[in-house]
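First up is the structure itself, then whatever we jot down about it.
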Amino acid sequence: MAVPSARRGAGRPKRRVLSRRLILETGLRLMDAHGVDRAGMRAIADELGVRPSSLYNHVAGTADLIAGVRELISDRIDTGVFAAAPWDAALEAWARSYRSAFAAHPPTIALLAVTPLAERSDTTRMYDAVVAGLVRAGWPPERVLTVIVALESFILGSALDYEAADDMFEPGPRADVPAFTAAYRARERALAASGTRPADAAFELGLRALVSGFRAEHAALTRG
């Protein structure tokens, strides 16, 4: 008579294999849910049900955690367009992808905007693709990073604005700011007709203005 094989009890959770990827994704999820200050190594260990010391086999510490989270987000930013499209169209596509990647994780924006790149960060490869595309298009190497930082500053601000309430400028029933109220109502009607959010309309207008300025700068630099 065959002996029934032992079976895992119902409801007993499978043990997850600890990895750098799992730690970083858990950290990012905690940042999204509770803010950066409540997503440290101890909080991640508690979430995963392990000792904090076990995390250090995969992540060196807080600085490495932040660098890894930056890489998770940066991996979602499309740079392939620089190999297939004119530099200005590629820059617009990159900006939209960049904004979407960070808008999905608002608590990380202020942190990563002022945190230097780690020495061997994979995020540097993302910037390398952008730089290479612009240099191929004739941008002087000494000007390329200035272009990127100028655009990046706008993108990160727009990513924060994406989370703002659509009616954050609502003037209410005031009669003492007629120009502002009229402009708000006119925009409200126009955006309702187009089905566009205020944050998206502002981003697209600002992006067009910036890239238009970059085109003029590029033409001046490459003329002759």
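The values are calculated or read from the model by the stated rules, or taken from the named source; none is laboratory data. None of the values given here were measured: they were computed from a predicted structure. Glycine gets a Cβ as well: all are built from the backbone with ideal geometry, and neighbour counts include every protein chain shown. In case anyone asks, the SASA skips ligands and DNA or RNA and just uses the protein heavy atoms, side chains included. Shrake-Rupley method; radii C 1.70, N 1.55, O 1.52, S 1.80 Å.
Exactly one residue out of ALA101, ALA132, ALA118 is touching a helix residue (DSSP H, G or I) at 6+ places or on another chain (Cβ under 8 Å) and in a loop (DSSP other than H, G, I, E, B), and it is ALA118. Within the stretch 172-187, restricting attention to residues that are of a type in the set (Gly, Ala, Ser) and open to solvent by less than 50 Å² (accessible area, probe 1.4 Å), which residue is modelled with the highest pLDDT? The residue in question is ALA186. The residue that is farthest from VAL114 (Cα to Cα), counting only those in the stretch 131-171 that are polar (S, T, N, Q) and surrounded by fewer than 16 Cβ atoms within 10 Å (Cβ to Cβ), is THR146. In this structure, does LEU205 turn out to be in contact (Cβ under 8 Å) with a residue 40 or more places away in the chain, part of a helix (DSSP H, G or I) and loosely packed, with under 14 Cβ neighbours inside 10 Å? Spelling it out, it is not the case that LEU205 is in contact (Cβ under 8 Å) with a residue 40 or more places away in the chain, part of a helix (DSSP H, G or I) and loosely packed, with under 14 Cβ neighbours inside 10 Å. Looking only at the stretch 154-186, which residues are among the small types (Gly, Ala, Ser) and touching a residue at least 24 places away in the same chain (Cβ under 8 Å)? Correct list: SER158, ALA159, ALA164. Looking at the stretch 16-71, what helices (runs of 4 or more DSSP H) fall wholly within it and have at least 3 residues that are open to solvent by less than 20 Å² (accessible area, probe 1.4 Å)? Where helices (runs of 4 or more DSSP H) fall fully within the stretch 16-71 and carry at least 3 residues being open to solvent by less than 20 Å² (accessible area, probe 1.4 Å), they are 20-34, 41-48.
The number of residues in the stretch 75-114 that are within 14 Å of the chain's Cα centre (by Cα) and open to solvent by less than 30 Å² (accessible area, probe 1.4 Å) comes to 13.
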